[in-house]
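The values are calculated or read from the model by the stated rules, or taken from the named source; none is laboratory data. Only a predicted model underlies this, so the values are computations on that prediction, with no experimental measurement involved. With ideal geometry, Cβ positions are generated from the backbone for all residues, glycine too; neighbour counts draw on all protein chains shown. Calculation scope for accessible area: heavy atoms of the full protein, side chains included, ligands and nucleic acids excluded. Shrake-Rupley method; radii C 1.70, N 1.55, O 1.52, S 1.80 Å.
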Amino acid sequence: MPDKSGVQRLRNINTAILVSLDFGNGMSTERLQELQQLAASDQIKVLSVVEGKRLRPDPRMYIGSGKAEEIAQVLVDTGADMVIFNHDLTPAQQRNLMLYLDCPVIDRTSLILDIFAQRAKSHEGKLQVELAQLEHLATRLVRGWTHLERQKGGIGLRGPGETQLETDRRLLRKRVKLLKEKLTSLQRQRKVQRRSRGRSQVLSVSIVGYTNAGKSTLFNRLTRAETYAADQLFATLDTTTRKLFVPESGSVVISDTVGFIRDLPHTLVAAFRATLEETIEADVLLHVVDASSPNRDEQIDDVNKLLSEIGADKIPQILIFNKIDLIDLATSGVGFVRDEYDRISRIRLSAETGEGLEFIRQALAETVLKEPGPMDEKLADFEKVRRGSAIV
């Protein structure tokens, strides 16, 4: 059932069995741990984990008949409500698994979409989530989208000779078109806001990084904002922007954005493009990394791949190695590293304790002063925002 925004949520399902297969391409353990975190973020209790190895997915059910029998037995033994696959299933595979196991079966993309449905708070965020869900579910449509007719306020009854499935598809297409039009309008508003910031020559900074790296905690520390931050995946979905005063150099505009994750569904990348344009249009990216994660190098690569996908790979980055309070400070304390151009390129800090935040202040101040533009305009802007702006 949808809520008033049209966003779909899993209902009355809170226990699950996780299924994760190893196809010999590495990272299977890490991917399973991430799936467990995703389930916890969606308030789903995991009762059992079924693992296996295959050379390639089975075209009928993704898994073989023996593994399907094993899962069916685990369902009986645990009484779990559903099965979650750590992979993307085709519509046919999902349908065949549901028929065989006689319970709801979802894949990794559906789970991520469900988490997004819970976390989106802004009007734009809810529109983006609904659009991503509809585009993902379009190929899996069987029945059940007649609620769209009510949301549209009476867009017409079924045509002569039109089946229920055809009606649902027609309503879905109209709803998708409406959502895209609304998001396009919001995108234009963002462009106007960015153009205004560009004329004032205020440096634009976006905080990016892998989900749960501590981006929102860092944002709150820097701006004294109260953005929601929690130790869970996708705690932040809506972009939040604040003006930040940096002593000795002036003001910058800083944005907290949605966290990235490996194999992020393309429907989400497309649907959240309007939000991610804050990243695309930024002058500098603060790429936050969980320094305590054993997979931090892979997470850096995954974020950079997604930045390339949205066209933000050419923007200068400062790597922020966060959560140093969780690792051995004897080997990696607070500090920073400069590159061959004498620019601060890496910073080690703890957003939780506040240690090392002064190095971000220093890096942003140097960036502002090195940006081309009349110094008197920068100084005028400095005086204009000094009162009432957050100070690092």
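The set of residues from region 37-47 being in contact with a strand residue (DSSP E or B) (Cβ under 6 Å, 6 or more places away or on another chain) and either open to solvent by 20 Å² or more (accessible area, probe 1.4 Å) or farther than 15 Å from Val105 by Cα (or both) comprises Lys45, Val46, Leu47. Note on region 170-190: residues that are of a type in the set (D, E, K, R) and in contact with a helix residue (DSSP H, G or I) (Cβ under 8 Å, 6 or more places away or on another chain) total 5.
From the list Gly250, Gly214, Gly259, the one residue that fits, being of a type in the set (Gly, Ala, Ser), modelled with pLDDT of 75 or more and open to solvent by 10 Å² or more (accessible area, probe 1.4 Å), is Gly214. Within region 117-159, being more than 30 Å from Thr239 (Cβ to Cβ), at pLDDT below 50 and not charged (D, E, K, R) holds for Gly144, Thr146, Gly154, Ile155, Gly156, Leu157, Gly159.
Remark: pairs (first residue in region 358-369, more than 13 Å from Arg338 (Cα to Cα) and assigned to a helix (DSSP H, G or I); second residue open to solvent by less than 30 Å² (accessible area, probe 1.4 Å) and among the hydroxyl-bearing types (Ser, Thr, Tyr); Cβ separation under 6 Å; 6+ apart in sequence or on different chains) = Ala365/Ser249; Val368/Ser249; Leu369/Ser249.
Residues in region 116-130 that are in a helix (DSSP H, G or I) and either open to solvent by 20 Å² or more (accessible area, probe 1.4 Å) or not acidic (Asp, Glu) (or both): Phe116, Ala117, Gln118, Arg119, His123, Glu124, Gly125, Lys126, Leu127, Gln128, Val129.
When each of Asp81, Asp114, Asp88 is tested for being under 18 Å from Pro57 (Cβ atoms) and acidic (Asp, Glu), the lone residue that passes is Asp88. Going through (1) open to solvent by 60 Å² or more (accessible area, probe 1.4 Å); (2) at pLDDT below 90 one by one, Ser28 falls short only on (1). For Val76, indicate whether it is part of a helix (DSSP H, G or I) and open to solvent by 20 Å² or more (accessible area, probe 1.4 Å). The answer is yes for Val76. Any residue that is assigned to a strand (DSSP E or B), open to solvent by less than 30 Å² (accessible area, probe 1.4 Å) and within 14 Å of Leu18 (Cβ to Cβ) - is there at least one of those in region 108-115? Within region 108-115, none of the residues are assigned to a strand (DSSP E or B), open to solvent by less than 30 Å² (accessible area, probe 1.4 Å) and within 14 Å of Leu18 (Cβ to Cβ). Screening the candidates Arg338, Arg343 for the property of being basic (Lys, Arg) and farther than 23 Å from Val202 by Cα yields one hit, Arg338. Here Val50 meets the list (1) modelled with pLDDT under 90; (2) open to solvent by less than 50 Å² (accessible area, probe 1.4 Å); (3) over 22 Å from the mean Cα position of the chain (by Cα) almost entirely, failing just condition (1). For Thr241, the stated conditions hold: it is in contact with a Ser or Thr (Cβ under 9 Å, 6 or more places away or on another chain), over 24 Å from Thr353 (Cβ atoms) and at pLDDT 70 or above.
For region 53-73, the candidate set comprises residues that are in a strand (DSSP E or B) and not aromatic (Phe, Trp, Tyr); within that set, the residue that is surrounded by the most Cβ atoms within 10 Å (Cβ to Cβ) is Asp58. Check off (1) touching a residue at least 40 places away in the same chain (Cβ under 8 Å); (2) part of a strand (DSSP E or B); (3) among the polar types (S, T, N, Q) for Gln37 and give me the number that stays unchecked. Unmet for Gln37, out of (1) touching a residue at least 40 places away in the same chain (Cβ under 8 Å); (2) part of a strand (DSSP E or B); (3) among the polar types (S, T, N, Q): (2). Among the residues making up region 291-347, a single one is crowded, with 16+ Cβ neighbours inside 10 Å, small (Gly, Ala, Ser) and closer than 20 Å to Ile280 by Cβ: Ala312.
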